[in-house]
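Everything on this sheet refers to the single structure shown next.
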Amino acid sequence: VTCVEVVEAYVERIKEVNPLINAVVKDRFEEALQEAQQVDKLLSEGPGDDYLEEKFPLLGVPITVKEAFSLYGMPNTSGLVNRRNVIATSDATVVSRLKQAGAIPLGVTNCSELCMWYESSNRVYGRTNNPYDLQRIVGGSSGGEGSGLAAACSVIGVGSDIGGSIRMPAFFNGIFGHKPTTGVVPNDGQFPNAYGVRTSYLCTGPMCRYAEDLEPVLRVMAGPGVSKLKLNEKVSLEKIKFHCMDHDGGSIFVSPVDKEILQAQKKVVEHLESDLGVQVQRVAIHKMKYSFQIWSAMMSSKDSEGQEAQRFTDLLGDHGKPVWPLWELMKWLVGMSSHTLPAIALGLTEKLVNLNLSGKAKLVSMGKSLQEEMEALLGPDGVLLYPSHPTIAPKHHSPICMPFNFAYTAIFNVLGLPVTQCPLGLGSEGLPLGIQLVAAAYNDHLTLAVAQYLEKAFGGWVLPGKV
């Protein structure tokens, strides 16, 4: 098929499903088709497949980009009403690298307001729906990517993750998502970007329907940073030391893990043991029970130079007037606020974290010792199996009742570990199941290899509406 035919097929698909899911919030179909014509022209001139594959590894591949990233000519609001007129005048580093590799962006996708909530809904673009059940959330903040990819609107997507913003949408929408080891893929060109200590926690990474696409996209995104990873090493699955943890140990802030998610994880363990002949080691890491508190304390701590973490209320104002969360709450109650309730709530709770400074210091130190414990457990050849979230995709608005469930993904941001979310088919309600695969820093190649293996064993992505 020609590149134009491929791009046209995806454009038609977006036009067909987007009115239902609201994933793609601004398209660039005309430009994409022009770029596809240029690809076909290049192919007809025939410089040779080997040359093309090396220079343009993603030649003609349709992609989508989370709206929080700059994509030239596209809006870059991050769902913030007072940025609704902001149009990107350049490309974020990863977007530029993907374009240079030959990828063709079709448009930008929805996110939560300022990328700090796990339902992708805002006052600029509205709400994105889950393609498996329109009454369910898509996760956040890269929720438009998760929903759009699951509904086959593009081949690969650009996501970012500071508390699970790649992995939660990948889990709720039954696709693959990879949070790389911290500091490998550049975060430049997204809003909001991380400052101070948070630069060590924010990660940009690939999201896609097929596990084999994660590695080539990660290579392109990482650019020269790829040399820190061991992606050329062949992985022998039988030699991996597998560890398994069913839940966080019972945090009071987080829902218990659903039976179906536990059952899916059990099946993975049984399959690994029977098929590879390995022994999966059950572990109980006590500090994981405090995942939310550790993440929260580390996110708001000062960096090594004593710089304070950026306040969320300042971001809400976006260089304008400061935002008063209590006043915004009053306005919200009468339908007058331009902010979403989760954003207002985060602004209100932000100050509470700094009320108990000695408790916060203890949690930061607990986080550092948990990091050492994890690195020692995983070592050069270990992979941990851990739930991606305690529940399957919840109904719209319900996350506000259990706001800290994202702790299952967030803890690995502050630990700096690479994690791949891997789909495991659909549960009894036709909603995706999945699992997180975690390795020690710079061992991304292990989780990527296990994801490909589990895709073959459990079927990977399932087309929505097929059952």
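The values are calculated or read from the model by the stated rules, or taken from the named source; none is laboratory data. Owing to the predicted nature of the structure, the values given are computational and were not obtained by experimental measurement. Counting neighbours? That spans all protein chains shown, and the Cβs are built from the backbone with ideal geometry, glycine included. Remember, those area values only see protein heavy atoms, side chains included, never the ligands or the DNA or RNA. Shrake-Rupley method; radii C 1.70, N 1.55, O 1.52, S 1.80 Å.
Please count how many residues of the stretch 115-153 are among the basic types (K, R) and crowded, with 24+ Cβ neighbours inside 10 Å.
Looking only at the stretch 115-153, we keep the residues that are among the basic types (K, R), and these are 123, 127, 136.
Narrowing further to those that are crowded, with 24+ Cβ neighbours inside 10 Å: none.
Count: 0.
Which residue out of M366, M374 is in contact (Cβ under 8 Å) with a residue 24 or more places away in the chain and either under 28 Å from S120 (Cα atoms) or open to solvent by 10 Å² or more (accessible area, probe 1.4 Å) (or both)? Before the answer, list the steps.
On the way: M374 fails: either under 28 Å from S120 (Cα atoms) or open to solvent by 10 Å² or more (accessible area, probe 1.4 Å) (or both).
Exactly one of M366, M374 is in contact (Cβ under 8 Å) with a residue 24 or more places away in the chain and either under 28 Å from S120 (Cα atoms) or open to solvent by 10 Å² or more (accessible area, probe 1.4 Å) (or both), namely M366.
It is to be established whether one or more residues within the stretch 83-103 are open to solvent by 70 Å² or more (accessible area, probe 1.4 Å), out of contact with any helix residue (DSSP H, G or I) (no Cβ under 8 Å at 6 or more places or on another chain), in contact (Cβ under 8 Å) with a residue 12 or more places away in the chain and within 30 Å of R136 (Cβ to Cβ).
Checking the stretch 83-103: at least one residue is open to solvent by 70 Å² or more (accessible area, probe 1.4 Å), out of contact with any helix residue (DSSP H, G or I) (no Cβ under 8 Å at 6 or more places or on another chain), in contact (Cβ under 8 Å) with a residue 12 or more places away in the chain and within 30 Å of R136 (Cβ to Cβ).
Restricting to the stretch 229-266, what's the tally of residues that are of a type in the set (D, E, K, R), part of a helix (DSSP H, G or I), surrounded by 12 or more Cβ atoms within 10 Å (Cβ to Cβ) and touching a residue at least 40 places away in the same chain (Cβ under 8 Å)? Before you say what the answer is, go through the steps one by one.
Just the residues of the stretch 229-266 that are of a type in the set (D, E, K, R), to begin with: 230, 233-234, 238-239, 241, 246, 248, 258-260, 266.
Those still in the list that are part of a helix (DSSP H, G or I) too: 238-239, 259-260, 266.
After this cut, where a residue has to be surrounded by 12 or more Cβ atoms within 10 Å (Cβ to Cβ) as well, the list is 260, 266.
In the following step, the residues that additionally are touching a residue at least 40 places away in the same chain (Cβ under 8 Å) were identified as 260.
So the count comes out to 1.
For every residue, the table says whether it meets (1) in a loop (DSSP other than H, G, I, E, B); (2) on the phi > 0 side of the Ramachandran plot; (3) buried (at least 20 other Cβ atoms within 10 Å of the Cβ); (4) not small (G, A, S).
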| position | (1), (2), (3), (4) |
| --- | --- |
| T409 | no, no, yes, yes |
| L417 | yes, no, yes, yes |
| E429 | yes, no, no, yes |
| Q436 | no, no, yes, yes |
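List pairs: first in the stretch 147-169 and at positive phi and assigned to a loop (DSSP other than H, G, I, E, B), second among the charged types (D, E, K, R) and at pLDDT 95 or above, Cβ under 9 Å, 6+ apart or cross-chain?
Partner pairs satisfying both residue conditions: A152/R13; A152/R209; G164/K179.
For the stretch 111-120, state whether one or more residues are touching a residue at least 40 places away in the same chain (Cβ under 8 Å), touching a strand residue (DSSP E or B) at 6+ places or on another chain (Cβ under 7 Å) and in a strand (DSSP E or B).
no
Sort out which residues of the stretch 163-175 are over 17 Å from N22 (Cα atoms) and either aromatic (F, W, Y) or surrounded by fewer than 24 Cβ atoms within 10 Å (Cβ to Cβ) (or both), and write them in order of number. Explain how you work it out, then say what you get.
At the first step, the residues of the stretch 163-175 found to be over 17 Å from N22 (Cα atoms) are 163-168, 171, 174-175.
F171, the sole residue that qualifies.
Out of the stretch 179-202, which residues are open to solvent by less than 10 Å² (accessible area, probe 1.4 Å), in a loop (DSSP other than H, G, I, E, B) and of a type outside the set (V, I, T)?
P180
Scanning for something without any contact (Cβ under 8 Å) to a residue 24 or more places away in the chain and either open to solvent by 20 Å² or more (accessible area, probe 1.4 Å) or assigned to a strand (DSSP E or B) (or both), does the stretch 378-394 turn up at least one residue?
No, there is no match, as no residue in the stretch 378-394 is without any contact (Cβ under 8 Å) to a residue 24 or more places away in the chain and either open to solvent by 20 Å² or more (accessible area, probe 1.4 Å) or assigned to a strand (DSSP E or B) (or both).
Take the stretch 63-82 and flag every residue that is surrounded by fewer than 24 Cβ atoms within 10 Å (Cβ to Cβ) and in contact with a strand residue (DSSP E or B) (Cβ under 6 Å, 6 or more places away or on another chain).
Result: M74, P75.
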